[in-house]
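Colleague: Dropping the structure in here first, questions after.
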Amino acid sequence: MNKAAISIATAAALIGTRTFAADLAFKAPEYAPTVPAWSWTGLYVGGDIGAKELHDNWTATSLFDGADPAPGFPALPIDASSPREFDPFSFRAGGYVGYNWQFSPIWVAGVEGDAAWADDSQTQSGLPGCAINCVKGAVITPSGLPSGGDSASVKMLWDASARGRLGYLVTPDLLIYATGGVAWQNIEAFGQCGPYASSAHCFSEGPNTIAPGITQSTTLTGWTVGVGLEGHVGGNWLLRAEYRFADFGSWGTSFPFVAVAPVNNNTYRFSNAVQTQLGMLGLAYKF
């Protein structure tokens, strides 16, 4: 092969290599910079609305502090109207604040506190345990006394909790979680005696009405557990649906009714076993 042929072959090879390299450079994919995935770690603040039901099991423990409620009227045992159920149900609105840690691609843990307001009561006639076969007072109604008998009511008010959370990421933007911790519930119990002639519990030997109704209130401490579903719905916003159950044990208290005429102490003693259920929808902003 002469020198001219070798030169031509070399030139052709160089031209082919450059063309192939240029073609590769033109067709090489361009990788866009990666966008960081959504992270659940951080502080969030939100508000929620929903509904709450309080379940109160009211049990009479003592009708009178004495052998007889009045001369000639021996005290009878607590009757079958005890225990009695009270179930107020109310709209609930509140707020919550918490902090999450995403400690793996699929697990999120956190702490959260919340407080909310609800306001509803349920009233029933008669005092539990003294509404069927209980002692009655004078049988003659003096003129001018209003008609009506005894009544009892339970009222639920604000609640709060401090809880831990543990969740599993079904997708990077959807969290299913369980929650539990300590809870507080504000509650009131109200007892009212009717006029002495129509009251089954309170009475007087003279033409006098009984002292007005008595309200006992307290803030109960208990435990709560629940489940929820929370989604990242865009930007820094989190939308959730949650259900919780709480148990506050039993609360013992009394209504120290005292008749106007001299009689034994008409103190009525009782206990209330309290539970709540609530469901809510919440919207939070993560910082």
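Just so you know, all these numbers are worked out from the coordinates, no wet-lab data involved. Because the structure is a prediction, the values reported are computed rather than measured. Note that each Cβ is placed from the backbone with ideal geometry, even for glycine, and that neighbours are counted across all protein chains shown.
Colleague: How large is ³J(HN,Hα) for each residue in the range 115-126, as worked out from phi by the Karplus curve 6.51 cos²θ - 1.76 cosθ + 1.60 (θ = phi - 60°), to whole Hz, x for Gly and Pro?
Modeller: With the stated coefficients, the range 115-126 comes to 8, 8, 10, 9, 8, 7, 9, 10, 10, 10, 6, x Hz.
Colleague: Enumerate the amide H contacts of Asp120 below 5 Å, restricted to partners 5 or more residues apart or on another chain; note that Pro and chain-start residues carry no placed amide H.
Modeller: The answer is Met156.
Colleague: Something else: Starting with the fewest neighbours, write out Trp40, Trp223, Trp251 ranked by other beta-carbon atoms found within 10 Å of each beta-carbon.
Modeller: Trp223, Trp251, Trp40
Colleague: Continuing with this model, one more query. Please compute the modelled spin-label separation between Ala273 and Gln122, points set 7 Å along Cα→Cβ, answer in nm with one decimal.
Modeller: Result for the modelled spin labels: 1.5 nm.
Colleague: Determine, for Met280, Met156, the number of other Cβ atoms within 10 Å of each Cβ, and report the residues in order from fewest to most.
Modeller: Met280, Met156
Colleague: Would you mind ranking Leu229, Leu175 by Cβ crowding within 10 Å, fewest neighbours first?
Modeller: Leu229, Leu175
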